[in-house]
Ligand SMILES: [Zn+2]
């Protein structure tokens, strides 16, 4: 078991019965330092919390026991389900965020995160691909953990979804219609409008998708790279769904 510093927050409640614990949501604290973030996550008036916080130098704090429902995701949605707090574990990464940063995530912090993800997915049987960012489950409100978060490195350790697409393809034949892009984003898990019109909400969803999967390109517009990445991820998501139904 990973060494934890217990730093209890009063901001939690029982998990509702009948909802599986099957996701992990990653956040950045968006604050000047870990001490201020811990204080906020333990302040009853803030009404926010997370199960864990990882200091940028590596130490791991446990604020809420994962058997309880912490208050980290807010209004949220993924893969057809709302209320992500009820089914997830929330991990805060001590980081300056978009407000005080940008700041990369140091190796010491990521090493603790990998070990924690190994432990949590094993103990609770959470599928390793169901590790997402706060922005993925709340794309209209949130940007964390942001485009500097090393999702690719995380995927190499076996956590989260990833596509191998990193450079824009030479051919433009992969283009999708707006409606097809919206449908693909929904099939991957995002709450995206399905109108065929590239409105503000679609742009926001597309931009958080790009922060996660194609951080070289943060336009909010479905380029060839976006479309190709979406198609590759759809293939991965479909094969995961098939193996799940195969396993029953
Ligand atoms: Zn967050």
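Values in this text are rule-based calculations from the coordinates and carry no lab data. Quick caveat: nothing in here was measured; it's all calculated off a predicted structure. Here Cβ is always computed from backbone atoms with ideal geometry, including for glycine, and neighbour counts include all displayed protein chains.
Distance between the C-alpha centres of region 129-167 and region 1-64: 19 Å, rounded to the whole angstrom.
What is the gain in length, in nm to one decimal, between residue 65 and residue 129 on full extension, counting 0.36 nm per residue of separation less the C-alpha to C-alpha distance? Show your work: numbers first, answer last.
Values: separation 64, 0.36 × 64 = 23.04 nm, distance 2.21 nm.
Net length gain for the segment: 20.8 nm.
Rounded to the nearest 10 degrees, the angle from helix 200-213 to the longest Cα principal axis of the chain is 70 degrees. Residue order for 175, 86, fewest other beta carbons within 10 angstrom first, comes to 175, 86.
Taking every alpha-carbon pair under 8 Å whose residues sit at least 6 apart, the chain reaches a relative contact order of 19 percent. Angle of helix 224-247 to the longest C-alpha principal axis of the chain, folded into 0 to 90 degrees and rounded to 10: 70°. For the chain, the mean residue ellipticity at 222 nm estimated from helices alone is -11000 deg cm²/dmol, where every DSSP H run of n ≥ 4 contributes -39500 (n - 2.57) and the total is divided by all residues, rounded to the nearest 500. Quick one: angle between helix 107-124 and the longest Cα principal axis of the chain, in degrees between 0 and 90, rounded to 10, please. Between helix and principal axis, roughly 90 degrees. When each of 233, 63, 179 is scored by the number of other beta-carbon atoms lying within 10 Å, the sequence from fewest to most is 179, 233, 63. If you run the Gaussian network model on the chain, springs between alpha carbon atoms under 10 Å, then out of 122, 183, 210 the most flexible one is 122. Here the label points at residue 177 and residue 243, each 7 Å from Cα along the C-beta direction, are separated by 3.3 nm in the simple model.
How big, on average over all directions, is the shadow cast by the Cα convex hull of the chain, in nm²? Each step should come with its number before you reach the end.
Values: hull surface 53.8 nm².
Mean shadow area of the hull around the Cα atoms is 13.4 nm².
With the simple spin-label model, which puts each label point 7 Å out from Cα in the Cβ direction, the residue 6 to residue 236 separation comes to 3.8 nm. Summary of the geometry: region 76-110 and region 177-236, compared by the centres of their Cα atoms, lie 20 Å apart. Sorted ascending by nearby beta carbons within 10 Å, beginning with the fewest, 224, 153 become 153, 224. Our Cα-only numbers for region 33-105 put the radius of gyration and Dmax at 12.9, 36 Å.
For region 65-167, what does the equivalent ellipsoid look like in terms of its semi-axes, each the square root of 5 times an eigenvalue of the Cα gyration tensor, given largest first in whole Å?
Working: eigenvalues 80, 63, 46 Å².
In descending order the semi-axes read 20, 18, 15 Å.
At full extension, residue 197 and residue 57 could sit 45.9 nm farther apart than now, given 0.36 nm per residue minus the alpha carbon distance.
Convex hull volume of the Cα atoms in region 108-233, per residue, in Å³?
On the way: hull volume 12.7 nm³, N = 126.
That works out to 101 Å³ per residue.
Per residue, the convex hull around the alpha carbon atoms of region 1-143 comes to 106 Å³. Over 19 Å, how big is the tail of the calculated P(r) for region 178-247, in percent of all Cα pairs? Summing the P(r) tail past 19 Å for region 178-247 gives 30 percent.
Of all DSSP bridge pairs formed entirely within the chain, close to 35 percent run antiparallel.
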